[in-house]
Structures are given as C-alpha cells and as structure tokens.
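Values in this text are rule-based calculations from the coordinates and carry no lab data. Everything numeric here is computed off the predicted structure, so don't read it as measured data. Heads up, the Cβs are rebuilt from the backbone with ideal geometry, glycines too, and the neighbour counts pull from every protein chain shown.
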C-alpha cells in the first residue's frame, strides 16, 4: 500500500462478497409502527397462515419492530414461564402420595442421582422426601428432599 494512503475499510475482506461492510452504529434508526390488523404494516412470510399471531409476533421481534418493548416482553415471558413452572410442579406434587415408588429423572442435580429409585416417605408444600434403597454420595441417610418435577412415579407392582 502506498505511503499516506488509508485502506478502504468499507469493503469486505472476503473477495467473494460484493456488499460493503456496515456497522450497527452506522445504520439509521427508523421508527416503525407496531403492526396491527388495521395498519397492514407487516406482511407475513410466505409459509405463515394469515391469522397466525405467534409467527407475526416472532417476525415483528426479529425485524426490530418491538425494540422499544423488549424489556417489557422479557419480563412478561419470564413471569409467564415462572407461573407455568409453578403450576406444573403443583400438579406433579398432587399426583404423588406417601408410599409411591419413584425414579429420580434427568433433571435433578447432582447428576449421580439420575435413575435412582426410592419410596416417598413424606410430602410438604413444595417437595417430596424420597428414601433411597441405599445411601449415596453426600446423602448418608439415604433420604433426599426433591422437587416434584424431578421424580417419575413408577407403576405399582401388585
């Protein structure tokens, strides 16, 4: 390169790329309307059904149309996820009874508990106490308090 001459940083370093590089900061921010049925501002992708609200929402987020609302959306999603998890845990706990045979599933930590079987000896508002057939790891008594979603109820053998 000649002395005193600056390199052209607007071009891509890949020879097969014909488009100039553009950083995020060099792009202009354009205020967009939130798409709605009356505005017609958003056109669905070819595979989307006309009334598919999930796809329309995801496309609006991906296109940046809801950037001003991302924090509120994230908070709402987190709250809903927490509520769904709480309902699932309560339903799983309600299905368990003292004396049920259970297997500890893959969602528990520590991982060395995966697949172990035991019997429920106590239930409280949030957890089930499982008595394993033998002590394991740091659980010297062989009893473990587990969240209900980490337990799979085994069929009764009769």
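Rounded to whole Å, give me the distance from the Cα center of the stretch 123-144 to that of the stretch 47-103. Cα centroid to Cα centroid, the span is 31 Å. Using only Cα coordinates, the Kirkwood hydrodynamic radius of the stretch 64-158 works out to 15.0 Å.
Per-peptide packing, taken as the mean over residues of other Cβ atoms within 10 Å, places 73-86, 53-66 in the sequence 53-66, 73-86 from highest down. Each peptide in 102-109, 131-138 receives the mean, over its residues, of other Cβ atoms within 10 Å, and ordering these scores from highest gives 102-109, 131-138.
Remark on the stretch 50-94: ratio of C-alpha radius of gyration to 2.2 N^0.38 Å is 1.55. When you work out D = kT/(6 pi eta Rh) for the stretch 97-153 at 10 °C and 1.306 mPa s, using the Kirkwood radius from C-alpha pairs as Rh and the Stokes-Einstein form, the result is 145 µm²/s.
On full extension, the segment bounded by residue 55 and residue 156 gains 32.0 nm, given 0.36 nm per residue less the C-alpha separation. For residue 149 and residue 78, the difference between the fully extended length at 0.36 nm per residue and the C-alpha to C-alpha distance is 23.7 nm. Segment residue 62..residue 141, full-extension length gain: 23.3 nm, with 0.36 nm per residue of separation and the alpha-carbon distance subtracted.
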